[in-house]
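Input: a single structure, listed below in structure tokens.
The values are calculated or read from the model by the stated rules, or taken from the named source; none is laboratory data. What you see is a predicted model; the values in this text were computed from it and never measured. When we count neighbours, we look across all protein chains shown, and the Cβ atoms used for this are built from the backbone with ideal geometry, even at glycine.
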Number of protein chains: 2
Amino acid sequence: MTSTDLSIEELVALLPPERQDNFRRLLFGAPVVPLPIPQAAAALAEAHHFDVKLYKTPCKPEELNPPRVIRYAVAQHSIVLPTTAPLNDQYTAIREKVERLIDAAAAMQVNILCLQEAWTAPFFFCTREKHPWLQFAESAETGRTTQFICQKARQHRMVIVSPILERDDRHAGTIWNTAVVVDHNGVFMGKHRKNHIPRVGDFNESSYYLAGNTGHPVFETVYGRIAVNLCYGRHHPQNWLLFGLNGAEIVFNPSATVGALSEPMWFIEARNASIANSYFVGACNRVGTEVFPNEFTSGDGRPAHKDFGHFYGSSYCANPDGSRLPGLSRDRDGVIVNEVDLNMVNQIRDHWMFQNTARYPLYARSLTQYCQPDFQPQRIRSQYVSSDVSRRDVKANSPANRSALDGEDC
Amino acid sequence: MTSTDLSIEELVALLPPERQDNFRRLLFGAPVVPLPIPQAAAALAEAHHFDVKLYKTPCKPEELNPPRVIRYAVAQHSIVLPTTAPLNDQYTAIREKVERLIDAAAAMQVNILCLQEAWTAPFFFCTREKHPWLQFAESAETGRTTQFICQKARQHRMVIVSPILERDDRHAGTIWNTAVVVDHNGVFMGKHRKNHIPRVGDFNESSYYLAGNTGHPVFETVYGRIAVNLCYGRHHPQNWLLFGLNGAEIVFNPSATVGALSEPMWFIEARNASIANSYFVGACNRVGTEVFPNEFTSGDGRPAHKDFGHFYGSSYCANPDGSRLPGLSRDRDGVIVNEVDLNMVNQIRDHWMFQNTARYPLYARSLTQYCQPDFQPQRIRSQYVSSDVSRRDVKANSPANRSALDGEDC
């Protein structure tokens, strides 16, 4: 059902034309400017059935600081072969698809590109099967995927964020959910491991790896300072915060998320982060429905089944001034590009002053207290509340009861 | 211009009927249930030209915990008399209007009601005039407004959150932006002072009062545990967080905000807080345009003027599952009510496990380090970056330059 729903952008286009700007202002904030798609990018997109979108976010010029205009992008895609195909064929087919997305981004003169979470493989965590899927894990530093990314980065002078499943051979072959960052000369810069591991629905990732031990690194590239908030970390405002405090100007959120429960949150969380931290955000999600060989249950009373639901794509970029770009579709591969002046970060920080008014020492103290086993929450209790009285009183005053007393009609 | 825009809800109603549910699912999440408006509430609303809305948020029944069904609400309104009228007449007229809103809430069997920020007065901080406006400040404990609220709370057995401008006579008459909480028996429970003071636009509040010194109190009422995040605190995810860590089940965000810049953020921030902290939220904003006797400038290059722009209302309630109620209008007074089962808070915490996966000790340590004068941000620098090289390289690779090199068409 929900895989056939229209996207927000498609729905807005159904409004009377004279009301569409009203809607975009309320939903998407200050207008961004669509730019023409370079012919080479359009040709790739048409030949290989994906979408390309390119926008410019306006920014005030400054007198004392030169502009720092760059283009950053996120890509979304489905897997290619069935999950029953030989694993190496699955891997190779995805990599060929991603190479075309990278080439299209390059044709749009992208400086920094982020791929989706665990992009080299189907998102198999729903199965809880270690074999055969963990064969997709590889070295972050020297694996064939990083070699491929380094080659593409060097070819296009593009910084690439490549989220993969990592096997750490220096530490007994442990598994991590890791984003590799490669610089514009094709040199491995470093990696970041996912900080927050889901315990929800079919996201059984806690069966595979633990919370990351790489802190909140910011990668200082020639194009600007970037960081990676992997997937479920987007639900954690503190994770976004720390990347900002370490100096990130763009934070990517490579994700893999499905279903009715998370989709209304998708438009809220990454965008809230760009507002609260006054930085740019690029959020991407995979697309399509992945079906696995063996059935599994979902802990929700449904019968066993083989699919993980619909990955709804809808990748987008958000700006520090609260505006956002229209998103990619709910079901097609694509690349979306945001041309920005990184000077906007400090301009918006100066305007809103969130960083100056954040009272970090208060929160450092409060969180430290909260972590103590004998933490006492700050509560002011009504003299009429005890835990028993509370229940009785709520019952006496519940709408149902008051309705009976008042003779109201509802 | 923007004061004549339609609200999101009015725009959705312009969509083809068969697409409206699609849109509401993406924008508003799981459906809420409109309940019939009790006749007494409808009559008050019609006679006094305000809107009333009443919804029920569905929640699973539990076997081992009795339901904790309550109704909470937020109210929005404009001032009544011109700001040139005698101050006491202005105050009395607003209080009469608010009394009718409270009575309408009572007719809808509301258990907990929150009024808007500094509801007793025009929002005069744009003027930077201390005289005459600070005469509106009064004792939080014993002022006439708290006396009025206590009387209404007792009359209706309603917990009321009453944000006012406080004069603290125990501390040399200092001024605070304060929310008073009165329990269902009309007894003053306590107060909370605004934690984060704006430095943006015409919100010159830092000329009047300082950041609050009351921490993050949660008020344990017979209907549930509530807290108050005053206005600009909604931009600060840590402020929302601490109310949650202290046990709040409903957090109110009484606000006064205007204009094109903040409006697209209004739909994001409070809702993100309800998602990230798995609690209910009620966010209210005043409505209308307030014009002051003396002209003032806004620090944005515009000529001096006398109005503060359009307070766009749009008060709404948001649920921990990521859903929200349709909002009140952009220009009319109103009350919006959410009937909820507070058991939903723990149900959603169990489902998403955000609190279990939040890694608070990591953030306590990181924030503590950040507050040190010699803090070193965690950065990984490309070997090709120095601050000078960085600028040259960005220039060499900027879209404009690469475009020239590549002969692309944009």
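The rows are residues; the columns are (1) within 11 Å of another protein chain (Cβ to nearest Cβ); (2) in contact (Cβ under 8 Å) with a residue 24 or more places away in the chain; (3) assigned to a loop (DSSP other than H, G, I, E, B).
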site: B:L11; (1), (2), (3): yes, no, no
site: B:F23; (1), (2), (3): yes, no, no
site: B:L26; (1), (2), (3): yes, no, no
site: B:A42; (1), (2), (3): yes, no, no
site: B:E46; (1), (2), (3): no, no, no
site: B:L54; (1), (2), (3): yes, yes, no
site: B:N65; (1), (2), (3): yes, yes, yes
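Matching residues to (1) in contact with a helix residue (DSSP H, G or I) (Cβ under 8 Å, 6 or more places away or on another chain); (2) at pLDDT 95 or above:
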position	(1), (2)
A:M1	no, no
A:L15	yes, no
A:V32	no, yes
A:H48	yes, yes
A:I70	yes, yes
A:A73	yes, yes
A:T83	yes, yes
Candidate set: segment A:93-123, residues that are small (G, A, S) and in a loop (DSSP other than H, G, I, E, B); chosen: the one farthest from the other protein chains (Cβ to nearest Cβ): A:A121
Flag for A:E141 being of a type outside the set (S, T, Y), surrounded by fewer than 18 Cβ atoms within 10 Å (Cβ to Cβ) and within 24 Å of A:N229 (Cβ to Cβ): yes
Which numbered condition B:D341 fails, given (1) within 14 Å of another protein chain (Cβ to nearest Cβ); (2) within 30 Å of A:K194 (Cα to Cα): (2)
Single condition B:N111 does not satisfy, out of (1) over 23 Å from B:A179 (Cβ atoms); (2) touching a Phe, Trp or Tyr at 6+ places or on another chain (Cβ under 6 Å): (1)
Residue within segment A:285-298 that is under 13 Å from the mean Cα position of the chain (by Cα), modelled with pLDDT of 95 or more and closer than 23 Å to A:P320 by Cβ present: yes
Subset of segment B:356-410 that is modelled with pLDDT of 95 or more and touching a Cys at 6+ places or on another chain (Cβ under 7 Å) - its residue that is farthest from A:Y232 (Cα to Cα): B:A364
Per-region count, segment A:291-318, residues surrounded by fewer than 24 Cβ atoms within 10 Å (Cβ to Cβ), within 16 Å of A:F124 (Cβ to Cβ) and either touching a residue at least 24 places away in the same chain (Cβ under 8 Å) or in contact with a Leu (Cβ under 6 Å, 6 or more places away or on another chain) (or both): 7
The listed residue being of a type outside the set (S, T, Y), more than 12 Å from chain B (Cβ to nearest Cβ), surrounded by 19 or more Cβ atoms within 10 Å (Cβ to Cβ) and in contact with a Cys (Cβ under 8 Å, 6 or more places away or on another chain), out of A:Q90, A:Q76: A:Q76
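Identify the residue in segment A:344-384 that is of a type in the set (V, I, T) and in contact (Cβ under 8 Å) with a residue 12 or more places away in the chain and, among all such residues, is farthest from the other protein chains (Cβ to nearest Cβ). Steps first, answer last, please.
Taking segment A:344-384 as the starting set, the residues that turn out to be of a type in the set (V, I, T) are A:345, A:348, A:357, A:368, A:380.
Next, only the ones that are in contact (Cβ under 8 Å) with a residue 12 or more places away in the chain stay: A:345, A:348.
Details: A:V345: 14, A:I348: 10 Å.
It comes out as A:V345.
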Enumeration of residues in segment A:298-324 that are touching a strand residue (DSSP E or B) at 6+ places or on another chain (Cβ under 8 Å), of a type outside the set (A, V, I, L, M) and either part of a helix (DSSP H, G or I) or farther than 30 Å from A:D350 by Cα (or both): A:S298, A:H305, A:K306, A:D307, A:F308, A:G309, A:H310, A:F311, A:Y312, A:G313, A:S314
Tabulated pairs, segment A:320-343, first closer than 14 Å to A:Q116 by Cβ, second of a type in the set (K, R), C-beta under 8 angstrom, 6+ apart or interchain: A:L328/A:K53; A:D333/A:K97; A:G334/A:K53; A:V335/A:K53; A:I336/A:K53
Of residues in segment A:200-227 being more than 30 Å from A:G309 (Cβ to Cβ) and among the charged types (D, E, K, R), the one nearest to the other protein chains (Cβ to nearest Cβ): A:E220
Residue check for A:N246: within 21 Å of B:A270 (Cβ to Cβ), within 14 Å of chain B (Cβ to nearest Cβ) and polar (S, T, N, Q): no
Residue pairs meeting the criteria (Cβ under 9 Å; at least 6 apart or on separate chains; first touching a residue at least 12 places away in the same chain (Cβ under 8 Å), in segment A:151-170; second among the basic types (K, R)): A:R157/B:R402; A:M158/A:K152; A:I160/A:K152; A:P163/A:K194; A:E166/A:K191; A:E166/A:R193
Qualifying residue in segment A:259-277 (condition: buried (at least 23 other Cβ atoms within 10 Å of the Cβ), touching a Pro at 6+ places or on another chain (Cβ under 9 Å) and over 30 Å from B:N204 (Cα atoms)): no
Residue match in segment B:237-250 (condition: assigned to a strand (DSSP E or B) and either modelled with pLDDT under 95 or of a type in the set (D, E, K, R) (or both)): no
Selection within segment A:28-40 - buried (at least 16 other Cβ atoms within 10 Å of the Cβ) and either touching a Gly at 6+ places or on another chain (Cβ under 6 Å) or more than 10 Å from chain B (Cβ to nearest Cβ) (or both): A:G29, A:V32
Failed criterion for B:P254 (all others in (1) over 25 Å from B:H310 (Cβ atoms); (2) more than 7 Å from every other protein chain (Cβ to nearest Cβ); (3) crowded, with 24+ Cβ neighbours inside 10 Å hold): (1)
For B:S262: the one exception among (1) assigned to a helix (DSSP H, G or I); (2) farther than 27 Å from B:F308 by Cα: (2)
Single condition A:Q238 does not satisfy, out of (1) of a type outside the set (G, A, S); (2) more than 10 Å from chain B (Cβ to nearest Cβ); (3) out of contact with any Cys (no Cβ under 6 Å at 6 or more places or on another chain): (2)
